[in-house]
1. Quick check, is residue 125 outside the structural domain of residue 52 (by TED's automatic domain parsing) and closer than 19 Å to residue 75 by Cβ?
2. Going by the structure shown, is residue 45 modelled with pLDDT of 80 or more, closer than 15 Å to residue 139 by Cβ, in contact with a strand residue (DSSP E or B) (Cβ under 7 Å, 6 or more places away or on another chain) and assigned to a strand (DSSP E or B)?
């Protein structure tokens with residue numbers, strides 16, 4: 001029984017080293033902003049970053065480490081500025097993007113979450129609307145509830 005525990009500890013240490021090495025390779029990730037804990041080949045990422053792309057990059061890096069079976073991403077995104085005029089900024093961003101038919105997209109802010117409702121013509125348009133929602137500083141999460149209705 002003790003041998004299995006020692007083997008598990010050794011495996012966890014190797015896996016921790018591999019995940020930490022992958023995280024260090026991300027140039028846009030501030031040093032020390034993300035920590036990784038390993039439990040039975042599951043990586044739990046914690047910390048705080050400024051941008052959602054940094055959060056996503058850390059998760060992808062952890063998944064690349066050999067031996068990782070799953071990743072739980074608990075990394076928070078920092079609120080960058082107040083949410084004044086956030087809904088208006090998001091609507092304007094949608095109107096400026098030629099890939100988005102903003103007539104059928106409704107943007108609301110709930111706390112620090114931008115919620116997109118309504119409908120679009122394609123998955124590409126839905127994705128683009130979600131990306132446009134990051135234009136507003138202070139938004140830390142997007143709920144893209146847009147329906148796809150091809151014409």
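1. no
2. no
The values are calculated or read from the model by the stated rules, or taken from the named source; none is laboratory data. Predicted model, so just to flag it, every value in this text is computed and none were measured. Note that we place each Cβ from the backbone using ideal geometry, even for glycine, and neighbour counts take in every protein chain shown.
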